[in-house]
Amino acid sequence: MPTPKVSIVIPVYNVEKYIERCVRTLFAQTLDDLEYIFVDDCSPDNSIDVMLKVLEEYPVRKPQVKLIRHEINQGVSQSRQDGVEAATGEYIIHCDPDDWVELDMYEQLYTKAKETNADLVLCDYYEVTNGEILTLKKQKPDKLKSEDLLAGISGKNKTKLQGSLWNKLIKSELCKNIRFIPDINFCEDVCYLFQILNKRLNIRYCNTGLYYYMTFRTDSAINQMSQKCFEESIKLIKTIELLSLDSSNEYMFCCNSFIIEILCNRVFDSASIGAREFNRRFKKYIGYLSYNRVVSKKRKLMFIISLFGLYPFIKYIYSNIKV
């Protein structure tokens, strides 16, 4: 069989209510030479059955579908990793099964990639909440360079860019040399992109909204703040610190910026620690605040005040008042 033009990795877990819409837009793509890799991470519902039922309506796609089933739940990082390892396409992209795509998304991205010999092509997307399309999110970096895309993703630039993989078509050879960090189940795609962008790439931009991103699900793991979320946040920070070692100053600055985003946007909500413990863990990051240009001044001030023994009080304010 010929090499697929694009491999699409779809990690599947507990998305029975959403996956039909997603896979219909995937199977109806205008690009013919696709490879679909569904990774069932022991989903407790009928997500895969729904996908297979829809597939019956697209018989031409059946030979293009690979289904990987985990014997035990391993998390989204391992699901994405297994999908990438199974991919045989020229380019690889990810799609989350609670989202959906324009029917010519992969044709547009692939055509742009081939015309320009791009290593990475990104596009705009739409935010969706409760089924209502909110707004078009433009994703053009300040310049089409690795460091500019990374600066936008990390919050170092005011032009904040999405760090997900679902709007980025990437050459397969780049993906095969990078691994997802085990046991990180949010921002796992950002860690992956940090590794890919730690080199000069030929980046191109498709000035069109092609992806529909579901921003809020009450049953989504990212919305369930807990001690586990706090522990994963700490692991994520340590991972980003390791990635910054032996790198350029610009790359290190982006890493520092992203650490501030994690601290201000996730640690406050999920940590169950006292004031002294907060100070002990995080006082060394106070010098990183200036690197981030997206986190609000109020949130940065909350972080600083928390380091002076007021973390429980500040956490209460943070959890009950939008700032």
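Any residue in segment 31-56 that's open to solvent by 30 Å² or more (accessible area, probe 1.4 Å): show its pairings with residues that are among the basic types (K, R) at Cβ separation under 9 Å, as long as the two are six or more apart or on different chains. Here the result reads D32/K5; D33/K5; C42/R69; D45/K17; E56/K62, each pair linking segment 31-56 to a residue that is among the basic types (K, R).
The set of residues in segment 153-173 that are over 14 Å from the mean Cα position of the chain (by Cα), over 19 Å from Y110 (Cα atoms) and open to solvent by less than 70 Å² (accessible area, probe 1.4 Å) comprises G155, K156, N157, T159.
Just to be sure before I move on: is D219 assigned to a loop (DSSP other than H, G, I, E, B), exposed (fewer than 14 other Cβ atoms within 10 Å of the Cβ), modelled with pLDDT under 90 and in contact with a Lys or Arg (Cβ under 9 Å, 6 or more places away or on another chain) in the structure I sent? In short, yes. Count of segment 174-214 residues, restricted to those that are within 16 Å of the chain's Cα centre (by Cα) and either part of a helix (DSSP H, G or I) or of a type in the set (K, R) (or both), is 11. Taken over segment 257-273, the criterion of being over 21 Å from D183 (Cα atoms) and either of a type in the set (G, A, S) or open to solvent by 10 Å² or more (accessible area, probe 1.4 Å) (or both) is satisfied by S257, I273. Within the set Y211, Y192, the sole residue that is buried (at least 21 other Cβ atoms within 10 Å of the Cβ), of a type outside the set (A, V, I, L, M, F, W, C), touching an Asp or Glu at 6+ places or on another chain (Cβ under 9 Å) and on the phi < 0 side of the Ramachandran plot turns out to be Y211. Return the residues of segment 57-71 that are part of a helix (DSSP H, G or I), surrounded by 14 or more Cβ atoms within 10 Å (Cβ to Cβ) and among the charged types (D, E, K, R); say none if nothing qualifies. Matches in segment 57-71: R61 only. Residue count for segment 127-155 under the criterion of being in contact with a helix residue (DSSP H, G or I) (Cβ under 6 Å, 6 or more places away or on another chain) and in a strand (DSSP E or B): the result is 0.
The values are calculated or read from the model by the stated rules, or taken from the named source; none is laboratory data. Please read all numbers here as calculations on a predicted model, not as lab measurements. Virtual Cβ from ideal backbone geometry, glycine too; neighbours counted across all protein chains shown. Surface areas here come from the heavy atoms of the whole protein model, side chains and all, with no ligands, DNA or RNA. Shrake-Rupley method; radii C 1.70, N 1.55, O 1.52, S 1.80 Å.
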